[in-house]
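A short worksheet on the structure shown next.
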Amino acid sequence: MTANLVVLISGNGSNLQALIDAIRMRALDATIACVVSNRRAAFGLVRAEQAGIPTRYFPLKPYLDAGRTRAEYDADLATLVAAYKPEWVVLAGWMHILSAAFVARFPYRIVNLHPALPGMFPGAHAIEEAFAAFQRGEIKQTGCMVHLVPDEAVDAGPVIGTAEVPIYRTDTLETLANRMHQAEHRLLVQSLQRLIVGDEDIDDDDE
Ligand code: GRF
């Protein structure tokens with residue numbers, strides 16, 4: 001079975017690129033039905049177009065400008081995503097917190113990537129915070145995780161996979177961030193493949 005994915009991005013899309021490359025290399029049994037970005041300038045949209053993947057730009061601002069709520073945006077985003085009938089909705093650098101209006105439409109089918117280990121550094125500045133904690137002598141390493149999104153909790157939920165990432169005394173924020181992104185790319189592909197194979201096992205059990 002080839003799993004159908006919708007990937008949500010906000011920026012560079014290097015994790016999206018890792019998925020595209022893994023699909024080409026047959027390391028990931030998936031197709032990407034659509035890439036959705038809340039930012040028009042997200043380079044990930046270019047990556048998707050170059051790979052022949054449909055893209056949708058879906059910004060929050062027009063909703064807020066029109067006096068509409070975040071929940072309305074999330075509900076319409078869910079309808080947009082659902083039209084592609086994804087087995088998995090992948091948050092690959094999606095920088096919005098999704099409310100129940102979205103999450104409830106895809107129960108245990110939303111996969112988030114976060115550049116910190118479980119319980120550590122939730123939010124948008126995890127790598128910077130880990131680097132600062134290392135400077136203060138509070139941690140010796142950091143890492144990244146892939147988890148399911150069961151509710152509105154930020155960067156928390158059943159963990160599918162983790163990868164530890166060492167921090168060296170010679171690191172700058174940039175060298176640490178690069179090492180982190182390399183680890184994220186591998187972990188996201190491995191974790192999604194594990195979920196997809198897990199689905200196949202469940203299907204086999206049904207037969
Ligand atoms: C990644 O570090 C991801 O974990 C975080 O945002 C970054 C996105 O990078 N939430 P990219 O857009 O995939 O290059």
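With one equal scatterer per alpha carbon and no solvent term, the Debye-computed log10 I(q)/I(0) for region 1-84 at 0.13, 0.23, 0.24, 0.27 1/Å reads -0.44, -1.08, -1.14, -1.30. Working note: Cα atoms of region 3-197, range along each principal axis, descending, whole Å: 47, 42, 30. Multiplying the residue separation of residue 51 and residue 194 by 0.36 nm and subtracting their alpha-carbon distance yields 49.1 nm. Near residue 8, the amide H atoms lying under 5 Å from its own belong to 36, 90, 91, 92; only residues 5 or more places off or on other chains count, and H is placed 1.01 Å from N. The length gained by stretching the chain between residue 40 and residue 170 to full extension, at 0.36 nm per residue less their Cα-Cα distance, is 43.2 nm. Annotation for region 41-91: trypsin sites (Lys or Arg not before Pro) lying in DSSP loop with at most 16 further Cβ atoms inside 10 Å of their Cβ are 68.
In the chain, a dipole from Cβ-located charges (positive for Lys and Arg, negative for Asp and Glu) runs towards its positive end, and of 114, 19, 181 it is 181 whose Cα lies farthest in that direction.
Backbone amide hydrogens, once placed in the peptide plane, bring residue 161 within less than 5 Å of 146, excluding anything fewer than 5 places away on its chain. Computed packing ranks the peptides 36-43, 3-10 as 3-10, 36-43, most packed first, by mean other Cβ atoms within 10 Å. Label zone (residue 182, point 7 Å along Cα-to-C-beta; backbone nitrogen cut-off 16 Å) within region 6-48: 15, 18.
At 1.4 Å probe radius, can you tell me the per residue accessible area of the chain in Å²?
Roughly 50 Å² per residue, with all protein chains present.
Taking trypsin sites (Lys or Arg not before Pro) across region 144-207, the ones in a DSSP loop with at most 16 further Cβ atoms lying within 10 angstrom of their Cβ are 169.
Dividing the summed -39500 (n - 2.57) terms of all DSSP H runs of n ≥ 4 by the residue count of the chain sets its mean residue ellipticity at 222 nm at -13000 deg cm²/dmol. Under a model in which nothing but the beta-carbon of Lys, Arg (+1) and Asp, Glu (-1) is charged, the chain shows a dipole of about 900 debye around its Cα centre.
How big is region 64-131 by the Kirkwood estimate over distinct Cα pairs, in Å?
Result for region 64-131, one decimal place: 13.6 Å.
Loop-located GluC sites (Glu not before Pro) across region 113-145 with a Cβ neighbour count of 16 or fewer within 10 Å are 138, with loop assigned by DSSP. Given a 1.4 Å probe and every protein chain left where it sits, what share in percent of the accessible area of region 102-146 is carbon and sulfur? Taking all protein chains in place, region 102-146 shows 57 percent carbon and sulfur surface. Annotation: amide H-H contacts under 5 Å for residue 143 (H modelled 1.01 Å from N, sequence separation of 5 or more, or interchain): 117, 165.
Computed from the C-beta positions of residue 138 and residue 61 and an R0 of 30 Å, the FRET efficiency is 0.20 to the nearest 0.05. Phi angles across region 161-176 convert, under the Karplus curve 6.51 cos²θ - 1.76 cosθ + 1.60 with θ = phi - 60°, into 3J(HN,Hα) values of x, 9, 9, 7, 10, x, 10, 9, 4, 7, 5, 9, 4, 5, 5, 5 Hz, Gly and Pro given as x. Working note: Karplus 6.51/-1.76/1.60 with θ = phi - 60° gives region 54-65 the couplings x, 10, 9, 9, 9, x, 7, 4, x, 5, 5, 4 Hz, where Gly and Pro are set to x.
The values are calculated or read from the model by the stated rules, or taken from the named source; none is laboratory data. The shown structure was predicted, so the numbers you read here are calculated from the model rather than taken from an experiment. Ideal geometry is used to build each Cβ from the backbone, glycine not excepted, and the neighbour counts take in all protein chains shown. The protein model used for the area step is the full one, side chains on, heavy atoms only, and it has no ligands, DNA or RNA in it. Shrake-Rupley method; radii C 1.70, N 1.55, O 1.52, S 1.80 Å.
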